[in-house]
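The values are calculated or read from the model by the stated rules, or taken from the named source; none is laboratory data. It should be emphasised that the depicted structure is a prediction, and the values quoted were computed from it without experimental measurement. Glycine also receives a Cβ, built like all others from the backbone with ideal geometry; neighbour counts cover every protein chain displayed.
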Amino acid sequence: MRSPAFAILLVAPFLGEALSASTPPLDLILPWNLALLAALYGSGALICRELARRYRLGRPGLCLLGAAYAVYEEALIVRSWFDARYHDRVGVGSCSWVWHTNLLVASYLTAFHIVVSICSSIVLVERLFLTHRERAWAGWRGLAFAALALTVLVPLTYGDLPRVPAGPLLAACGLCVLLVVCAFLTARLPDRPAASSRRPRPRLLGVVAFACVAAHFVLVYALPSTGVP
């Protein structure tokens, strides 16, 4: 893979779906599944990265764009925020229901997509393509195609979605727009002081990342199976 844009289209689905155990890896590599998830995860990560870089939004802006992507995917496309079947399947049940929305699931999935689906995908591809770290990965035409795939093609492929009242859906849509606006407002923040000349410690970063992913699996999958309230 010589193109970071193509690489992130493949990396993001594996991090977002396989790492969360939502889709088995062998199912993920099926061409029709990979194409759909590349359009969903890959296009989202690519758009977030390019907007954050072009408009100098920094890490806060990137995280806010990642949060907007999480709201778009989970509330407006998949609608897991409002799906009682999903809540029962993951062991959450009726905990934290407010206005047809499971706030616990919404908060957890938003944090997961920010860290794993968006930021981790971008960091991993930037490490694979060090010479492209400060460059654009796609032109406006490529971004337009990614936006078309994310906002038009992906919604057409999802069926059997739970019926949700218009109020919560409109609120989620408004939240998504608000997060995007807040992301662009971070460009007005004062410049941070120059970074220290000390070299980063990638090994420590790897240990922290491994510990966080391990905690994710223990808390979300292993702990509920023990029967502990």
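Scanning segment 97-120 for residues being exposed (fewer than 14 other Cβ atoms within 10 Å of the Cβ) and part of a loop (DSSP other than H, G, I, E, B) gives a total of 1.
Restricting attention to segment 129-156, the residues that are more than 15 Å from Leu46 (Cα to Cα) and over 19 Å from the mean Cα position of the chain (by Cα) add up to 3. If the condition is being surrounded by fewer than 20 Cβ atoms within 10 Å (Cβ to Cβ) and touching a residue at least 40 places away in the same chain (Cβ under 8 Å), then segment 64-91 contributes Leu76, Ile77, Val78, Arg79, Asp83, Ala84, Arg85, Val90, Gly91.
The set of residues from segment 125-141 being surrounded by fewer than 16 Cβ atoms within 10 Å (Cβ to Cβ) and assigned to a helix (DSSP H, G or I) comprises Arg127, Leu128, Leu130, Thr131, Trp140, Arg141. For segment 1-38, a residue qualifies if it is within 13 Å of Ser117 (Cα to Cα), of a type in the set (A, V, I, L, M) and not in a loop (DSSP other than H, G, I, E, B), and the qualifying residues are Ile8, Leu9, Leu10, Val11, Ala12, Leu15, Ala18, Leu37, Ala38. Of the residues Ser117, Ser96, only one is at positive phi and of a type in the set (Gly, Ala, Ser); which? Checking each option against the conditions leaves just Ser96. For Ser94, the conditions (1) free of Cβ contacts under 8 Å to residues at least 60 places away in the same chain; (2) within 18 Å of Val180 (Cβ to Cβ); (3) surrounded by fewer than 16 Cβ atoms within 10 Å (Cβ to Cβ); (4) hydroxyl-bearing (Ser, Thr, Tyr) all hold with the exception of (2). Residues that are in contact with a Phe, Trp or Tyr (Cβ under 6 Å, 6 or more places away or on another chain), in contact (Cβ under 8 Å) with a residue 40 or more places away in the chain and over 18 Å from Val116 (Cβ atoms) are absent from segment 44-56 altogether.
Kindly indicate whether His100 is touching a helix residue (DSSP H, G or I) at 6+ places or on another chain (Cβ under 7 Å) and either without any contact (Cβ under 8 Å) to a residue 12 or more places away in the chain or under 22 Å from Tyr41 (Cβ atoms) (or both). Answer is no for this residue. The single condition among (1) among the small types (Gly, Ala, Ser); (2) within 21 Å of Val154 (Cβ to Cβ); (3) in a helix (DSSP H, G or I) that Ser80 does not meet is (3).
Of all residues assigned to segment 1-8, none qualifies as being closer than 19 Å to Leu62 by Cα, without any contact (Cβ under 8 Å) to a residue 40 or more places away in the chain, of a type in the set (A, V, I, L, M, F, W, C) and outside the structural domain of Ala214 (by TED's automatic domain parsing).
Residue by residue, here is whether (1) touching a helix residue (DSSP H, G or I) at 6+ places or on another chain (Cβ under 8 Å); (2) at pLDDT 90 or above holds:
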| residue | (1), (2) |
| --- | --- |
| Ala144 | no, yes |
| Ala149 | yes, yes |
| Gly159 | no, no |
| Ala166 | no, yes |
| Ala171 | no, yes |
| Cys176 | yes, yes |
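For beta carbons closer than 6 Å, sequence separation of 6+ or different chains, a first residue in segment 138-151 that is assigned by TED's automatic domain parsing to the domain that holds Arg54 and a second that is acidic (Asp, Glu), the qualifying pairs are Ala138/Glu50; Leu143/Glu50.
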